[in-house]
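Starting off with a structure, shown below.
The values are calculated or read from the model by the stated rules, or taken from the named source; none is laboratory data. Computed from a predicted structure; not experimentally measured. Note that each Cβ is placed from the backbone with ideal geometry, even for glycine, and that neighbours are counted across all protein chains shown. Keep in mind that these areas ignore ligands, DNA and RNA; they rest on the heavy atoms of the full protein, side chains included. Shrake-Rupley method; radii C 1.70, N 1.55, O 1.52, S 1.80 Å.
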Amino acid sequence: MRLRDLREDNDITQRKLATYLNILQNTYSQYENGKRQIPLEILWKLADYYDCTIDYLVGRSDVKH
């Protein structure tokens with residue numbers, strides 16, 4: 001999954017993304033570390049935030065759009 005790479009490449013904190021997603025920072029951290037499955041609604045919001053596809057986010061495609 002590309003969540004950490006995208007976040008770090010854009011100089012965004014986990015706390016900022018968690019606030020945007022209306023979840024706890026710890027929950028977001030668990031998503032990044034693969035300890036918790038990401039709900040589809042959160043994936044949609046992340047794809048919108050990074051302007052990419054869900055397939056790109058989860059590593060199923062190398063094409064961002």
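To the nearest 500 deg cm²/dmol, what mean residue ellipticity at 222 nm is calculated for the chain from DSSP H runs of n ≥ 4 alone, each contributing -39,500 (n - 2.57), summed and divided by the residues?
That calculation yields -15500 deg cm²/dmol at 222 nm.
Still on this structure, I have one more. Carbon and sulfur together cover what percent of the accessible area of the chain at a 1.4 Å probe radius?
The value for the chain is 43 percent carbon and sulfur by accessible area.
Taking the Cβ of L40 as the centre, find all other residues whose Cβ is under 15 Å away and add up their charges (Lys, Arg: +1; Asp, Glu: -1).
Around L40, the surrounding residues sum to 0.
According to the square roots a ≥ b ≥ c of the eigenvalues of the Cα gyration tensor, what is the shape class of segment 1-54, taking rounded for a/c under 1.5, prolate for a/b larger than b/c otherwise, and oblate for the remainder?
Rounded shape, in that the Cα axes give a/c under 1.5.
Which residues among segment 1-33 fall inside the zone where the amide N is under 14 Å from a point 7 Å beyond the Cα of R60, along Cα→Cβ?
So the set is 1-2.
Rolling a 1.4 angstrom probe over the protein heavy atoms, how many square angstrom per residue are accessible across the chain?
Value for the chain: 68 Å² per residue.
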